[in-house]
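Student: I'd like to ask you about the structure that follows.
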Amino acid sequence: MDTIKNYLESMFRGLPQTAKVLKAKKELGQMMEDKYSELIKEGKSDNEAIGTVISEFGNLEELAADLGIDDVFNSSRNSNDQGSAAAHDEPKSQENKSSGKKEKGKVKYKNRTCKTIMEVYWPTATCIYFALSFLTFRWGVTWMIWPLAGVFYPVLRSLLTVDEDDSDLEEK
């Protein structure tokens, strides 16, 4: 039940603490509590009941009109969106300019064949998986193709791509 109360608090965190909002919060809290109790009486586990309550009552945007706080919710959301956009745009652009980190760009392959190999890697792994699975009907074993393909992919990629350090060495 504490999880539901904490979730309710987080739903109303950005809204002003007016009498109207507090009344809506109390009303929603009571509805959530009633639903939780009903689900527990039906034999649901604690986690199932909490999950169901949060999924049914979890979107304040949809519930705001029913609770009578849609005007407060919309004005609060609009002011938060404008404030956060203004606050976050400037530092983000400065951070990108000032940080010495290189941005991720396109991957440069050693040659066209290497690029083709990497482009068909995952479709080929998928075809191999389905072919082996349908031929052997050992789905419980063939799933191991995915972790193996996931481990092998970065190794193959590192072998087939050109590193900036490698390109400097080739030029000298």
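Student: List the pairs whose first member sits in region 1-27 and is surrounded by 12 or more Cβ atoms within 10 Å (Cβ to Cβ), whose second member is among the hydroxyl-bearing types (Ser, Thr, Tyr) and modelled with pLDDT of 85 or more, and whose Cβ atoms are under 8 Å apart, counting only residues at least 6 apart or on separate chains?
Tutor: Sorted first by the residue in region 1-27, then by its partner, the pairs are MET1/TYR36; ILE4/TYR36.
Student: In addition: Starting from region 44-57, take each residue that is free of Cβ contacts under 8 Å to residues at least 12 places away in the same chain and list its partners that are in a helix (DSSP H, G or I), counting only C-beta distances under 8 angstrom and pairs at least six apart or across chains.
Tutor: LYS44/THR52; ASP46/ILE40; GLU48/LEU39
Student: Write out, first by first residue and then by second, each pair whose Cβ atoms fall under 7 Å of each other, whose residues are 6+ apart or on separate chains, and whose first residue, in region 144-172, is polar (S, T, N, Q) while the second is open to solvent by less than 60 Å² (accessible area, probe 1.4 Å) and at pLDDT below 85.
Tutor: THR161/VAL107; THR161/TYR109
Student: Check GLU38, GLU62 and return the single one that is surrounded by 13 or more Cβ atoms within 10 Å (Cβ to Cβ), of a type in the set (Asp, Glu) and part of a helix (DSSP H, G or I).
Tutor: Working: GLU62 fails: surrounded by 13 or more Cβ atoms within 10 Å (Cβ to Cβ).
Just one listed residue meets the conditions, GLU38.
The values are calculated or read from the model by the stated rules, or taken from the named source; none is laboratory data. Keep in mind that what you see is a predicted model, and the values were worked out from it rather than measured. Every residue, glycine among them, receives a Cβ derived from its backbone with ideal geometry; neighbour counts consider all protein chains shown. With ligands, DNA and RNA removed, areas are computed over all heavy atoms of the protein, side chains included. Shrake-Rupley method; radii C 1.70, N 1.55, O 1.52, S 1.80 Å.
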